[in-house]
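One structure is given here, and the rest of the page talks about it.
The values are calculated or read from the model by the stated rules, or taken from the named source; none is laboratory data. Only a predicted model underlies this, so the values are computations on that prediction, with no experimental measurement involved. As a convention, Cβ positions derive from the backbone with ideal geometry for all residues, glycine included, and neighbour counts pool all protein chains shown. We work out accessible area using only protein heavy atoms, side chains counted, and drop any ligands, DNA or RNA first. Shrake-Rupley method; radii C 1.70, N 1.55, O 1.52, S 1.80 Å.
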Amino acid sequence: RALVVSAGTVYVGGAFATMNGVSQANLAAVNTTSGASLPAFTGTADGRVSALAVTGTSLFAGGEFFFAGGASRRGVARLSSATGLAETAFNANGNGSVSAMAVSGTTLFVAGSFGLMGGQNREHIAQLDPTTGGATAWNPGADGDVKGLALAGAALIVAGDFHNTGGAERLNLAALDTTRTTDIALPWNPSLNSSADFVHVDAAGHVFVSGDFNFFGAVLRENLAAIDLLTGELLPWNPGANGWIRALDVQGNT
C-alpha cells in the first residue's frame, strides 16, 4: 500500500506477513539494489500500513494498526528508520486509522478516518508536532474521510470523500492554507462528483488525482434540486435535505 525510498532503502508498508521469506508483518525495509531485507530493521505493525514518510533518521507510518515498532500506537507511529522501533516521545493517541500523510519541515500532516488525533478533536485531518505527536492549532476538519494528501508550497491538497473542509463547501478535493488557522480553504475548487483516493503534485504545480469520479466542476445538491427544463441549467434553489426525496412537481419550466 505504501513505498518510500531513502538512502538506498525501500520502506514497504501494506498487508503482508513475510518479506523475503521471513516473518515481517505489514512493515519492512529492503535494499534498493538487491531487494534483500535489512537485518537491523525489525519493526512491524499489527495491522495494515497505508502511508509512509521519511524525515531525517525517522520513518513515519500510518495505517490501521494499534501496535507498531514494539509499542502501543494507534493509527500513526514515528519509528527509527534504521531499526523500525517506535520512538518513545511520539504518541499521537488517535482514535482511528490513518490513510495518508505528508511532511513539511517540522510539521507532519495526517489524514484518515478519525475524530481524535494528537490529544485534540480533529475530524479526518490533523497537523501534528513530529516530535511529540501533539496536534497544533491548525484544524480545517472534514465531514468525511480524507484519503490523500500532497503538499504544494504552503498549500495542502486533500482528496477524499467529503463535502466540506476548511470552513467551505469542497466536493472531494480541496486546497488548504497551512499558514493560517481561520478561513483555511483556498479558492481552488475543482469539485469532483464522487470520491478521490490519491493525489500527487509535480514540480510544476500540476495536481494529479485519481478515484471514483467521472466529472469535475460538480455542484452540491443534497437530495433536492431545481432544473430549467428548457436549458437543462441547474438553478440556484438549494433548500438541502438530509434524507431521500421521493416526489417531484413541475412549475412552468422548473
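If you scan region 19-61, which residues turn out to be free of Cβ contacts under 8 Å to residues at least 40 places away in the same chain, in contact with a strand residue (DSSP E or B) (Cβ under 6 Å, 6 or more places away or on another chain), β-branched (Val, Ile, Thr) and open to solvent by 30 Å² or more (accessible area, probe 1.4 Å)? Hit for region 19-61 is Thr32, nothing else.
Val207 fulfils the conditions (1) of a type in the set (A, V, I, L, M); (2) within 28 Å of Ala247 (Cβ to Cβ); (3) touching a strand residue (DSSP E or B) at 6+ places or on another chain (Cβ under 6 Å) except for a single criterion, (2).
Residue count for region 1-18, restricted to those that are over 17 Å from Thr55 (Cα atoms), assigned to a strand (DSSP E or B) and open to solvent by less than 50 Å² (accessible area, probe 1.4 Å): 0. Leu108 passes every criterion in (1) farther than 16 Å from Ala61 by Cβ; (2) open to solvent by less than 30 Å² (accessible area, probe 1.4 Å); (3) in a strand (DSSP E or B); (4) not basic (Lys, Arg) apart from (1).
Within region 140-159, if we keep just the residues that are open to solvent by 40 Å² or more (accessible area, probe 1.4 Å) and either assigned to a loop (DSSP other than H, G, I, E, B) or polar (S, T, N, Q) (or both), the residue that is farthest from Ala185 (Cα to Cα) turns out to be Asp145.
Just so you know, in region 87-96 the residues that are modelled with pLDDT of 95 or more and surrounded by 22 or more Cβ atoms within 10 Å (Cβ to Cβ) include one that is nearest to His200 (Cα to Cα), and it is Ala92. Phe198 meets each of the listed conditions (1) open to solvent by 50 Å² or more (accessible area, probe 1.4 Å); (2) assigned to a loop (DSSP other than H, G, I, E, B) apart from (2).
Do we have Ala137 as free of Cβ contacts under 8 Å to residues at least 60 places away in the same chain and either open to solvent by less than 10 Å² (accessible area, probe 1.4 Å) or of a type in the set (Ser, Thr, Tyr) (or both) here? Spell out the reasoning first.
Details: free of Cβ contacts under 8 Å to residues at least 60 places away in the same chain: yes; either open to solvent by less than 10 Å² (accessible area, probe 1.4 Å) or of a type in the set (Ser, Thr, Tyr) (or both): no.
The answer is no for Ala137.
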